[in-house]
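A short reminder: the numbers here are calculations on the coordinates, not readings from a lab. These numbers come from a predicted model, not from an experiment. Every residue, glycine as well, gets a Cβ built from its backbone with ideal geometry; the counts of neighbours run over all protein chains shown.
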There are 2 protein chains.
Amino acid sequence: MDAEIIAVGSELLTPFGTDTNSLYLTGKLNALGIEVRYRIIAGDDHDRLTDAFQNALRRSALIILTGGLGPTEDDITRNVVAEVLGRPLRENPEIRSRIEKRFESLNRSMPPNNLRQSLLPEGAQWLENAHGTAPGIWIERDGVIVILLPGPPRELEPMFESHCMPLLERVGGKERIRTRVYKIIGLPESEVDRVIAPLYTPYQNPATTILSKPGTIEVHLRARAASEEEAEALLGELGDKIELALGEHVFSAHGESLEEVVGMYLMMKQLTLAVAESCTGGLVSERLTRVPGSSNFFLGGAVCYSNELKIRLAGVPAALIEREGAVSKTVAHALSEGIRTRAASSIGVGLTGIAGPGGGSAEKPVGLVFIALTDARGTSVREFRFPGERQRVRYWASQMALEMIRRRVRD
Amino acid sequence: MDAEIIAVGSELLTPFGTDTNSLYLTGKLNALGIEVRYRIIAGDDHDRLTDAFQNALRRSALIILTGGLGPTEDDITRNVVAEVLGRPLRENPEIRSRIEKRFESLNRSMPPNNLRQSLLPEGAQWLENAHGTAPGIWIERDGVIVILLPGPPRELEPMFESHCMPLLERVGGKERIRTRVYKIIGLPESEVDRVIAPLYTPYQNPATTILSKPGTIEVHLRARAASEEEAEALLGELGDKIELALGEHVFSAHGESLEEVVGMYLMMKQLTLAVAESCTGGLVSERLTRVPGSSNFFLGGAVCYSNELKIRLAGVPAALIEREGAVSKTVAHALSEGIRTRAASSIGVGLTGIAGPGGGSAEKPVGLVFIALTDARGTSVREFRFPGERQRVRYWASQMALEMIRRRVRD
């Protein structure tokens, strides 16, 4: 069964209009073995939406329209679908009483406009909205299923989950689609492809896609089978080969972020961490503390933007900064040793560099970053030259700092 | 002139497929007075793309297809467009020699597949690709313009900018579209709407949209006029009224982020800042140091995740933590005073709270955050209870800390 998603709303046709509902719906449909073949965005315009819906009816067995179910004149989805299908709208007393009750419970009187939301095309089912006034609508005609869902994700997602998934499971695809994402660090995209192309090329199923993300290469596998177990088995067969071939460069096989993996290793080995960062301005600490429970392994750190704070918070000798410059191998070394001592942590990490756009020189260009790691065995420092603009340099620096921790802790 | 954008690529129909090219193109087209009426995503499938392109030809005067111009069998955009338009593909010797030279300059031999990229539909113009091998294609037929662009943004964007914009300017819309975004903090969406609805309702042009973003409400205005100046004048007329009505809650009228605005105020007044943060784990520092030149106003800070580091890095008295708990008004107070003293900054900020999911209690629930600000005039502390999950609590806490700085520095 092939699906088409039509997102309705003029705001989605502006330069700011990202349609996240379609991504959510695609994931859910795929899990049921249903492929999405077209995603359409149309504005709040009667004739244009009519055209888009007629095209969809001609070519797709499952059509999901999102948005345009609100109480105002602009909200035309219900009307267009009723018109095109030739199913007149009738007021549904049960929906009406629910909307009225909802307003009562909020101690507000219902604006007359909201009555539109109690209109239902003849022969349609309505889907309860636990988080808003607009009910969803489910219509079947000549083997085609049409679903209308409200636009706000907090209304759409629970409605789809609790009402549409069970119905679709019944009528839906006989196949199941499962995906797996491997995250890779330390190899460029072309090298990843060179290594694994001989492995994945023989397979049509799973399908393999390689994506380049900031600081990470992702390999996406996507398998179809009669059951979830069989699809997982297909993923495992190719996936294990890919993981073996890429070896230590694979840091995650189940969607975990690099900071989650680092946190997991630190907790497993009961180690603690402190960070003194300059050019990354707190990004390494911020990423580590995104992980729930990070207080178990992360003690804290210093954001030593000024030289004064490098001295006061991380104990870097003033003479060293004077002699070598704030962006230097020895200062990175002193930052990681200093913060480790002050925090009494198992591991200390120090970063110093030039994120740009200003502050670079011929000798020390923008993108130059030193990262040091200290543990009981001593300190190692690596020098990097990251290309690109400020945020990219900062992100890559944080990524390589986390990678240095991962490597040290894993071994 | 109305446009339709068709993004081609099966990877765009997965749950991970965000189509950022269309947003970029929409912004550029709008600047030329061209409205985007449909955005379509279709997979690398001959029949389905044919159907989508035929629909577009029937209804749109400008059709832009992105992606599917690569060298492999999967890349079908060129073929489908040539077929539907009845314009046979012919090898273009000039394109061929450019592709060959590109490979030469990279010291690689050209795979025979890349020859496909030198094929051009009869009567079409080609557009030079400064960053890849696939040229763009420009075709005019019966008053309809069809443009084919490569998928990677680093190839598409410069190509569109240097080759398509000048051509579209000539044939394009007679109107110009300009937008303005007001960013608002400290008022809920419904309150913003209540205040400004009487102002914007009388205007069809500019059109007004209110969007809720994390920690911010945005009001988007969009004006059409015969010239950019007139469009700007329309934006100014309504925009000034809106800005006046929302007053100090408007922190940005030209797209600046809150951290940029805070940095601007600090630099203007030649003040410096240091931050001691616990629950936000470095997020406040990280946001401030995203701003280029932030070393002019941001000295640094302490990420005091553990109690030990609250004591060592920010000088919070151990007895205070013992007596009041790490998450308390007095510890926030001590953090901001302590970091201000250690950094010798004009302003100190301290944050402590419970981001969750663990660590909450009946008395001190998840979402409880204290934020303190110290300057020469003294210290003030605010108590917040942010709803939602960990990242949301952290983001809101950083947002309110920045807002407290903005208010203090602006006055």
If the convex hull is drawn through the Cα atoms of the range A:254-411, its volume per residue in Å³: 104
Rounded to the nearest 20 debye, what is the charge dipole size of the range B:10-70 about its Cα centre when +1 sits on each Lys and Arg Cβ and -1 on each Asp and Glu Cβ? 340
3J(HN,Hα) from dihedral phi, the range A:121-136, Karplus parametrisation 6.51/-1.76/1.60, rounded to Hz, x for glycine, proline: x, 3, x, 8, 9, 10, 10, 5, 9, 6, 10, x, 8, 7, x, x
In sequence order, calculated HN-Hα J values of the range A:200-207 (Karplus, 6.51, -1.76, 1.60; Hz; x Gly/Pro): 8, 4, x, 9, 7, 9, x, 8
Vicinal HN-Hα couplings computed from phi for the range A:45-52 (Karplus, 6.51 cos²θ - 1.76 cosθ + 1.60; Hz; Gly/Pro x): 10, 4, 5, 5, 5, 4, 4, 5
Just going by the charge dipole of chain A, with Lys and Arg at +1 and Asp and Glu at -1 on Cβ, which of A:190, A:135, A:275 is farthest out on the positive end? A:275
Normalised per residue, the volume inside the convex hull of the alpha-carbon atoms of the protein assembly as shown in Å³ amounts to 187
With unit charges on the beta carbon (Lys/Arg positive, Asp/Glu negative), name the residue among B:246, B:158, A:288 whose Cα is farthest towards the positive pole of the charge dipole of the protein assembly as shown. A:288
One point scatterer per Cα, no solvent, Debye formula: log10 I(q)/I(0) for the range A:223-282 at q = 0.14, 0.26 Å⁻¹ comes out as -0.63, -1.08
Given only helices, namely DSSP H runs of n ≥ 4 each adding -39500 (n - 2.57), what is the per-residue ellipticity at 222 nm of chain B, to the nearest 500 deg cm²/dmol? -12000 deg cm²/dmol
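Nothing charged except the Cβ atoms of Lys and Arg (+1) and of Asp and Glu (-1): what's the magnitude of the dipole of chain A about its Cα centre? Round to the nearest 20 debye.
Using Cβ point charges on Lys, Arg, Asp and Glu, chain A gives about 1200 debye.
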Which is the longest stretch in chain A that no exposed loop site breaks, taking sites as GluC sites (Glu not before Pro) with a DSSP loop state and at most 11 other Cβ atoms within 10 Å? A:74-362
Between residue A:275 and residues 5 or more places away or on another chain, the pairs with built amide H atoms under 5 Å apart involve A:300, A:301, A:302, A:349
What shape does the range A:2-171 have by the C-alpha gyration tensor, where a ≥ b ≥ c are the square roots of the eigenvalues, rounded means a/c under 1.5, and otherwise prolate means a/b greater than b/c and oblate the rest? rounded
Percent relative contact order of chain A, based on C-alpha pairs within less than 8 angstrom and at least six residues apart? 10
Below 12 angstrom from the Cβ of residue A:37, what's the summed charge of the other residues (Lys, Arg +1; Asp, Glu -1)? -4
Using the Cα centre of the protein assembly as shown as the reference point, and only Cβ charges (+1 on K/R, -1 on D/E), how large is the resulting charge dipole? Debye, rounded to the nearest 20. 2280
Residues whose placed amide H lies under 5 Å from that of residue A:6, excluding near-sequence neighbours: A:40, A:64, A:65, A:66
Principal semi-axes in Å for chain B [√(5λ), Cα gyration tensor, largest first]: 52, 27, 19
For the pairs B:183/B:269; B:213/B:329; A:28/A:213; A:101/A:174; A:310/B:329, note any where the Cα-Cα span goes beyond 32 Å. A:101/A:174
Rg/Rh for the range A:221-329: what does it come to with C-alpha atoms and Rh from Kirkwood? 1.20
